[in-house]
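Take a look at the structure below.
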Amino acid sequence: MSQASFRPRPTDATGPYWDATRDRRLVLQWCLDCEAFVHHPREACPRCLGQNLTWRESAGAGTVHALSVHYRPFGAMSNEDCPYIVAFIDLDEGVRFLANLVEVKPEDAAVGDRVELTWIPVAEGYHLPAFRPVRR
């Protein structure tokens with residue numbers, strides 16, 4: 001993908017998430033108060049409103065919950081990137097993650113497919129998490 005011009009704008013809440021992408025690590029917030037993963041990164045846990053959050057690494061494995069095929073470029077994308085697939089991935093850690101589904105033709109992608117984490121390089125050493133079908 002030609003998303004090299006995309007640059008994240010980390011905040012206090014999202015900085016550790018984006019910093020980990022430089023090392024191609026997917027990290028999720030973990031609420032120490034109610035012992036649950038939190039995603040997307042935020043200031044407080046949506047379950048208990050606790051602010052006692054830390055970070056844990058995700059294995060990056062999951063299942064496609066829903067997907068949508070897009071035929072027009074978005075943002076830093078170009079026409080060559082189309083069509084592309086956006087999917088909700090149910091990570092094994094129990095959170096739903098929105099990302100591109102790559103390395104698969106739209107007609108071959110399906111709800112229920114097992115997927116694994118891969119990375120799309122973007123500006124300044126950051127990476128975007130994406131998912132691809134598990135190779136058997």
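Just so you know, all these numbers are worked out from the coordinates, no wet-lab data involved. All values derive from a computational prediction rather than experimental measurement. Here the Cβ positions follow ideal geometry from the backbone for every residue, glycine too, while neighbour counts run over all protein chains shown.
Might you let me know whether the range 73-84 holds any residue that is within 26 Å of C31 (Cβ to Cβ) and surrounded by fewer than 17 Cβ atoms within 10 Å (Cβ to Cβ)? No, every residue in the range 73-84 fails to be within 26 Å of C31 (Cβ to Cβ) and surrounded by fewer than 17 Cβ atoms within 10 Å (Cβ to Cβ). Taking the range 12-124 and the strands (runs of 3 or more DSSP E) fully enclosed by it, the elements with 1 or more residues that are over 26 Å from V134 (Cβ atoms) are at 27-31, 53-57.
In the range 46-61, the residues that are closer than 16 Å to L32 by Cβ and without any contact (Cβ under 8 Å) to a residue 12 or more places away in the chain form Cβ pairs under 7 Å with partners that are of a type in the set (A, V, I, L, M, F, W, C) and assigned to a loop (DSSP other than H, G, I, E, B), at six or more places apart or across chains, as follows: Q51/A44.
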